[in-house]
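Here is the structure we will look at.
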């Protein structure tokens, strides 16, 4: 599989911003993962304060990591153009990597962020 760094992924994929609803889903996912003993958190690459996290969400990029192992999951919200009635079309593509390295391997494509996060909780 082809390994890519974050800048390659950003430059090769046209993205749209994650919505406020998706930001809340992400927050709920992190809290739920802690309750389940998985301990996911936002990766420090996208920032620690609210302004940096908001900028990453607006850029269509989320990176979460698990504190239990050396695993990072990168999500990008891909811009698929406009639909027949003018609405924004998008999909969420996942990439996996390790927190100690800066390269990622492409993973599955999901219809939305909620589906991607739910899939992680099912593992």
Region 45-66, subset farther than 20 Å from residue 19 by Cβ and surrounded by 13 or more Cβ atoms within 10 Å (Cβ to Cβ), residue modelled with the highest pLDDT: 65
Count of residues meeting criterion [more than 13 Å from residue 58 (Cα to Cα) and touching a strand residue (DSSP E or B) at 6+ places or on another chain (Cβ under 8 Å)] in region 11-33: 6
Among residues of region 28-44, those that are free of Cβ contacts under 8 Å to residues at least 40 places away in the same chain and either within 27 Å of residue 101 (Cβ to Cβ) or surrounded by 16 or more Cβ atoms within 10 Å (Cβ to Cβ) (or both), counted: 7
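Going by the conditions given, is residue 105 surrounded by 13 or more Cβ atoms within 10 Å (Cβ to Cβ) and more than 21 Å from residue 30 (Cα to Cα)?
Criteria met by residue 105.
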Listing of helices (runs of 4 or more DSSP H) fully contained in region 4-123 that carry 2 or more residues being in contact with a helix residue (DSSP H, G or I) (Cβ under 7 Å, 6 or more places away or on another chain): 20-35, 50-58, 113-122
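The values are calculated or read from the model by the stated rules, or taken from the named source; none is laboratory data. Since the structure is predicted, the reported quantities are computational estimates derived from the model, not experimental observations. Positions of Cβ are generated from backbone atoms using ideal geometry, with glycine treated the same way; all protein chains shown enter the neighbour counts.
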